[in-house]
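Colleague: First, the structure itself, so that you have it in front of you.
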Amino acid sequence: MNWRLTDAYDEYGDFSEDDVRIRPPRKGSKPRTKQRPTHDDAVTGFVVTVDRGRYTCVLEHDEDVYVTAATARELGRGAVVVGDRVALVGDVSGEPGSLARIVRVAERETLLRRSADDTDQVERIIVANADQLCVVVAAINPEPRPRLIDRYLIAAYDAGIEPILVITKTDLHPADELRALVEPLGVPVFTSAINEEPSDELLDALAGHTTVMVGHSGVGKSTLVNALVPDADRATGHVNAVTGRGRHTSSSSLALPLPEGGWIIDTPGVRSFGLGHVDANAITDAFPAIANVVDECPRGCTHRASSPDCELDAAIAAGDLDALSTMRVHSIRRLLDSLAPEPVADAGDSPSP
Ligand SMILES: Nc1nc2c(ncn2[C@@H]2O[C@H](COP(=O)(O)OP(=O)(O)OP(=O)(O)O)[C@@H](O)[C@H]2O)c(=O)[nH]1
Ligand SMILES: [Zn+2]
């Protein structure tokens, strides 16, 4: 079984059935959570999962203690997500049946959000405070989806989160073509195979970071997480003990502690990102070769196939873009066309919906 980049760019849609959208915090916006009076007795915790209004938090000063908490009424629903650092009061013993209360949420460094599809304005937050997005792609089986990878990268850059790529199943197929897809963008690439220990390079890249794992179903995300977090079962066991479930069946994200420090956040059900909120410039900015060209575009150019005088057309005609960048231009234009209707021509900063 084989695959070719040129065909792969063409054949696969960007979306799977559970498309999501990531929306970064608006620039300059304040965190949504209201600051409340300090609780002097509060301790700090890190939210590892959310299940039916119950939050499982690891205490910052004792990472073996998993506390179940509810949110204080003033915080409201949905105010706390996985990755949040929170102030806890009440029973923080972590004993079975105990319940603490989250009274504050620390200001977030980053925010990943999603919505059901491109047209759905209702967004759900995936994760707070991640500083790395790990895109997991199989070298084969399932075949890579370059346009989906592009979407992940755009979403990461737009949210201010550094992307890395892990190519799995390299025991079945070489990683070269996939590597060539993202290395020119400066994205660090790592490989992994089921019967090998995770590479030191990958462990180093993850150590001390809060990394969100994303990838299409079947690429080997769970296999990789289990290799990276040998204690995964134990950590999951803690969570299940507090949520009272037989196993972690929630569709919520789950943060697992890395032995080297830092967190891996597994995101079941997050397979692709709709990018309806991202403007044309954020999309082209993700790819340096393309960003250089569109810098010369007329003011207000949306860089779509229908845009008159878009410099991308001139660059392709003149052979200034290599084959990969040219494929990517077509991919990006398809992406732009699938978004909202073309904005009004002179809108430098189109208002947010
Ligand atoms: N040959 C080979 N098979 C692998 C590798 N990694 C994972 N697999 C297999 O690929 C299949 C899918 O792996 P999972 O880890 O369940 O994939 P996933 O991405 O978590 O899939 P979802 O749970 O559907 O999101 C399993 O049968 C794994 O054994 C690898 O490096 N090499
Ligand atoms: Zn243009």
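The values are calculated or read from the model by the stated rules, or taken from the named source; none is laboratory data. Here the structure is a predicted model, which is why all the values come from computation and not from measurement. Methodologically, a virtual Cβ is constructed for each residue, glycine included, from the backbone with ideal geometry; neighbour enumeration extends over all protein chains shown. When the accessible area is computed, the model is the full protein with side chains, heavy atoms only, and any ligands, DNA or RNA have been set aside. Shrake-Rupley method; radii C 1.70, N 1.55, O 1.52, S 1.80 Å.
Colleague: What is the sum of charges, Lys and Arg at +1 and Asp and Glu at -1, for the other residues whose Cβ falls under 13 Å from the Cβ of Ile194? Walk me through the intermediate numbers first.
Modeller: Details: positive: Lys169, Lys221; negative: Asp171, Glu196, Glu197.
Neighbour charge sum, excluding Ile194 itself: -1.
Colleague: Please give the per residue accessible area of the range 43-105, computed with a probe of 1.4 Å over protein heavy atoms only, in Å². The partial results should precede the final answer.
Modeller: Values: 2730 Å² over 63 residues.
Solvent-accessible surface per residue comes out at 43 Å².
Colleague: Taking the Cα atoms of the range 279-338 alone, what are Rg (to one decimal) and Dmax (as a whole number) in Å?
Modeller: Radius of gyration, then largest Cα-Cα span, for the range 279-338: 10.1, 27 Å.
Colleague: Summarise the accessible area of the range 279-338 (1.4 Å probe, protein heavy atoms) by the percent that is carbon and sulfur. Please list the in-between numbers first.
Modeller: Values: 1360 of 2860 Å².
Using a 1.4 Å probe with all protein chains present, the range 279-338 comes out at 47 percent carbon and sulfur.
Colleague: Here's something else I'd like to know. If you put +1 on each Lys and Arg Cβ and -1 on each Asp and Glu Cβ, how big is the dipole of the range 43-105 around its Cα centre, in Debye rounded to 20?
Modeller: Details: 7 positive and 9 negative charges, 88 e Å.
The dipole of the range 43-105 has a size of about 420 debye.
Colleague: State in Å² the accessible area per residue of the range 279-338; use a 1.4 Å probe, count heavy atoms of protein chains only, and round to the nearest integer.
Modeller: Numbers: 2860 Å² over 60 residues.
Heavy-atom accessible area per residue stands at 48 Å².
Colleague: Another question about this same structure. For the range 179-237 and the range 287-326, what is the centre-to-centre distance using only Cα atoms, to the nearest Å?
Modeller: 34 Å
Colleague: Which is farthest toward the positive dipole end of the range 279-338 among Pro298, Met327, Asn281, measuring Cα position about the Cα centre, with Cβ charges +1 (Lys, Arg) and -1 (Asp, Glu)?
Modeller: Met327
Colleague: For His209, what accessible area in Å² do you get when you roll a 1.4 Å probe over the heavy atoms of the protein chains, rounding to the nearest 10?
Modeller: Per-residue accessible area (His209): approximately 60 Å².
Colleague: Got a number for carbon plus sulfur as a percent of the range 70-227's accessible area, 1.4 Å probe?
Modeller: Numbers: 2950 of 6440 Å².
Here it works out to 46 percent.
Colleague: Using a 1.4 angstrom probe and counting only protein chains, how large is the accessible area of Ser331 in Å², to 10?
Modeller: For Ser331, solvent-accessible area is about 10 Å².
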